[in-house]
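The values are calculated or read from the model by the stated rules, or taken from the named source; none is laboratory data. From a predicted model like this one, the values you see are computed outputs, not experimental measurements. Every residue, glycine among them, receives a Cβ derived from its backbone with ideal geometry; neighbour counts consider all protein chains shown.
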Amino acid sequence: MLDILAITGPIYITIALGYLLTRRGLFARADMRVLGQFVIRLALPALLFNALAQRKVGDILNGRYLLVYALGSLVTLGLALLWARRGARQDATTSVYYAMGMSCSNNGFVGYPVALLVLGPVASVMLGLNMIVENLLLIPLLLALAEISGEAGGRWPVVLRQALAALVRNPMVLGLLAGFAVSLLEWKMPSPMERTLTLFAQSSAALSLFVIGGSLAGLQLAGLRGPVVQIALGKLLLHPAAVVAVLLLCEAAGMVPMEPALRTGVVLAAASPMFGIYPILAQKTGHDGLAAGALLGATVASFFTISALLWTFRQLPGWGG
């Protein structure tokens, strides 16, 4: 177990440092927004570009990984909607944000650093694949569902078009597309450009974890404990369980098993807490308090659930943990 803590410990120590230093006033929460913009607009796009540009297209587009992660996330989304409506008795709009919190992972700020320590360089390729599923499938679908469930029903095609249009301006999507283009053309980048991109890419892991910690400072759970616990449990337990179920069913149906590192990686991606922009997307409908509380609860609890998951992988043959 100590070797597992040696992996997860530095990750959550960095998150804790961000939290404590922001609580103590050395940094302001507004500073986390600036640092987060650096990660989202520069560091992660550079990381994604490097991960894809330095490999052949055939090594990047892993259809089995994309299938398992997409189907597992969609299963989680559907079960979350069903539970929120039938079990938790929530209205249609709140149910969508239950589903968003349970099915969309923080792969950039938490999932990638964890996978990097556990699995090494393959983590950057997995990050690109996860971003494809989340940015091209999950987020546009959930935003459309939120619009359908609201009072302004019928405007979901407009929202879907707006979400898709925003993708072409998203720096991480641009990094993905540029990396694919360079890989496809087999273009060798000039050494100064390659080293510059590497410098930005290397800054992403520690800074992203620090930003998560600082962003959690000051969040409150008062009055929201029931829904927060439900969403956090759904994200940390239901999502990875759904991905494992889809993985095993696909393999039972004849899919060639993935490499142990990718099997572990796809489950780790699902086991990460929800993405950092969750409260921002929930602001429009006034669910940002619920989203922020769930983000705080899931991020804290993920130290224990991810550590337990990594320990479990060590006991099972055929996994790369």
**Prompt:** Taking the condition touching a Ser or Thr at 6+ places or on another chain (Cβ under 9 Å) and surrounded by fewer than 19 Cβ atoms within 10 Å (Cβ to Cβ), does Phe275 pass?
**Reply:** no
**Asked** Looking at (1) surrounded by fewer than 24 Cβ atoms within 10 Å (Cβ to Cβ); (2) of a type in the set (A, V, I, L, M); (3) farther than 24 Å from Lys284 by Cβ; (4) modelled with pLDDT of 85 or more, which is the one condition that is false for Leu117?
**Response** (4)
**Message:** Being buried (at least 16 other Cβ atoms within 10 Å of the Cβ), modelled with pLDDT under 90 and touching an Asp or Glu at 6+ places or on another chain (Cβ under 7 Å) narrows it down to one residue among Ala282, Ala217, Ala294; which is it?
**Reply:** Ala282
**Message:** Quick check on my filter: what residues within the range 297-308 are farther than 19 Å from Arg225 by Cα and either buried (at least 23 other Cβ atoms within 10 Å of the Cβ) or basic (Lys, Arg) (or both)?
**Reply:** Ile306
**Request:** Within the range 21-32, track down each residue that is in a helix (DSSP H, G or I) and exposed (fewer than 14 other Cβ atoms within 10 Å of the Cβ).
**Result:** Ala30
**Request:** Looking only at the range 243-253, decide whether some residue is closer than 14 Å to Gly111 by Cα and in contact with a helix residue (DSSP H, G or I) (Cβ under 7 Å, 6 or more places away or on another chain).
**Result:** no
**Item:** Top-ranked residue in the range 40-93 [being within 22 Å of the chain's Cα centre (by Cα) and assigned to a loop (DSSP other than H, G, I, E, B); ranked as nearest to Leu233 (Cα to Cα)]
**Value:** Asn62
**Prompt:** Here is a list of conditions, (1) farther than 26 Å from Ala181 by Cβ; (2) small (Gly, Ala, Ser); (3) surrounded by 24 or more Cβ atoms within 10 Å (Cβ to Cβ), and Ala51 meets all of them except one; can you say which number that is?
**Reply:** (1)
**Prompt:** What are the residues in the range 239-265 that are charged (D, E, K, R) and assigned to a loop (DSSP other than H, G, I, E, B), if any?
**Reply:** Glu259
**Asked** So how many residues does the range 239-265 have that are modelled with pLDDT of 95 or more and under 15 Å from the mean Cα position of the chain (by Cα)?
**Response** 3
